Every structure is written in structure tokens, then in C-alpha cells.
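Single-structure report; data block below.
The values are calculated or read from the model by the stated rules, or taken from the named source; none is laboratory data. Just so it is clear, the model here is predicted, and its values are computed rather than measured. Here the Cβ positions follow ideal geometry from the backbone for every residue, glycine too, while neighbour counts run over all protein chains shown. Quick note on the areas: whole protein, heavy atoms, side chains included, nothing else; ligands and nucleic acids left out. Shrake-Rupley method; radii C 1.70, N 1.55, O 1.52, S 1.80 Å.
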Amino acid sequence: THPKLAIEYLGDATKIVAGTTTRLDWKCEDCSHEWKSSGDNRMRGRGCPACQRAGFQAAMPGFYYVFEIRNEMNDVLYYKGGISSDYLRRQREIERTLPIALSIHLIELLEFELGQTARELESTILGIERIRAPRRIDFSGGSELFLINPIEYVLVNQVELPLTEKQLQQANARVKIT
């Protein structure tokens, strides 16, 4: 059983297998909503339907985030880049699906007035094959892994970005979280 999911399982978590296709009872740790979902869906990152938004909305404000993925010795294994309208919810979603020995830590955050700009930045960064990591671990967002911090890479290497001058200045004065 996955301990991060076991917290929301309504029942004896020692008696189920996290990846089961059986529909189980869950209670959201954040909003207390109760619903049924398979363990398999939960392992793939599907969470509380009451908390879920209808996905990323390009016409609304959005974020490009970078998380470090660390092992139990606190070594950085990978960087996870992505976009979200709610990066904290996305962080919780990823945490729930990571293998037990791994953790994530927010290290970079760029905010955009329009999510579409974040999406264009993500598309540009995902196209830089030389910094992409092979998918070695299966979790929500595991196909968007990098060997180095993608924001740092594009700024240091002056990669042409789909940003206005003002957005580029904001990226250079980015929020660095330690």
C-alpha cells in the first residue's frame, strides 16, 4: 500500500493493494469529500473530484514550475518541469504518486498572466532533447523529467523563448525557492 494514499483510504489500508482495479472508498485530506475510485486510478494521480479543476486553462493565469526529485539521501535525481494553474495542488498530486523513497521540492516558479504563455514555454523546454531525462520512474508527470534545471538551462544558454521582453525580465528575476 502507498502510504500517501493510505491516509485518504476509508478502510484498512493494510488489506488492499494500491494498484487494484477494485473501486474503493476515499476521503479527501484537503476538503473531506468522499468518493469511489480504483486504487489504480489513485496511483496514476487521479485525486479528489471535488478539488480537481477541469484541467489547465490557457486563458487563465498559469505557472511554470520546477521541482527537484530527491532520493532518501537527499540527492537530486531529476528535475520535474511543468505547467499548472495551481502548482501546490499539482505538487500534492505528484507527491501522492511518487515511489515511497522519493520526494519533491519546489525550486523554481514563474507566474504568467495567461496560462498559454506558460504552455508555450513548456513546449519549448520539452523540445530540448539534450536536457531530457529518460522516463525511469512511473508517477504523475514522470514523462517531463530533466537532467538539469530547465529554467536555468534556457537562461544560461540564451535559448530563444516565446516570451515578451517583460516576461523574459521576470524569468531572469525568477522566484528561486530553496
Take segment 115-149 and flag every residue that is at pLDDT 90 or above, of a type in the set (A, V, I, L, M) and in a loop (DSSP other than H, G, I, E, B).
-> ILE128, ALA133, LEU147, ILE148
Which condition number in (1) touching a helix residue (DSSP H, G or I) at 6+ places or on another chain (Cβ under 7 Å); (2) within 22 Å of ILE148 (Cα to Cα); (3) in a loop (DSSP other than H, G, I, E, B) is the one that MET73 fails?
-> (1)
Could you list, in sequence order, all residues of segment 127-161 that are of a type in the set (A, V, I, L, M, F, W, C), within 30 Å of ARG42 (Cα to Cα) and free of Cβ contacts under 8 Å to residues at least 24 places away in the same chain?
-> ILE131
Of those in segment 34-47 that are open to solvent by 70 Å² or more (accessible area, probe 1.4 Å) and at pLDDT below 80, the residue farthest from GLU8 (Cα to Cα) is ARG44
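Please indicate, with yes or no, whether at least one residue in segment 48-55 is open to solvent by 20 Å² or more (accessible area, probe 1.4 Å) and basic (Lys, Arg). Give the derivation first.
Quick first cut of segment 48-55, residues open to solvent by 20 Å² or more (accessible area, probe 1.4 Å) only: 49-55.
Pick out the ones that are also basic (Lys, Arg) and you get 53.
Looking for residues that are open to solvent by 20 Å² or more (accessible area, probe 1.4 Å) and basic (Lys, Arg), one finds at least one in segment 48-55, hence yes.
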Condition test on LEU106, is it open to solvent by less than 60 Å² (accessible area, probe 1.4 Å), part of a strand (DSSP E or B), modelled with pLDDT of 80 or more and of a type outside the set (Lys, Arg)?
-> yes
Members of segment 109-132 that are small (Gly, Ala, Ser) and open to solvent by less than 10 Å² (accessible area, probe 1.4 Å) = GLY115, ALA118
Please find, within segment 48-72, the residue that is modelled with the highest pLDDT out of those that are closer than 16 Å to TYR87 by Cα and among the small types (Gly, Ala, Ser).
-> GLY62
Any chance you could count how many residues in segment 145-163 are closer than 11 Å to TYR64 by Cβ and within 18 Å of the chain's Cα centre (by Cα)?
-> 2
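What's the total number of residues in segment 76-96 that are of a type in the set (S, T, N, Q) and assigned to a loop (DSSP other than H, G, I, E, B)? Talk me through it step by step, then tell me what you get.
At the first step, the residues of segment 76-96 found to be of a type in the set (S, T, N, Q) are 84-85, 91.
Adding the requirement that they be assigned to a loop (DSSP other than H, G, I, E, B) leaves 85.
So the answer is 1.
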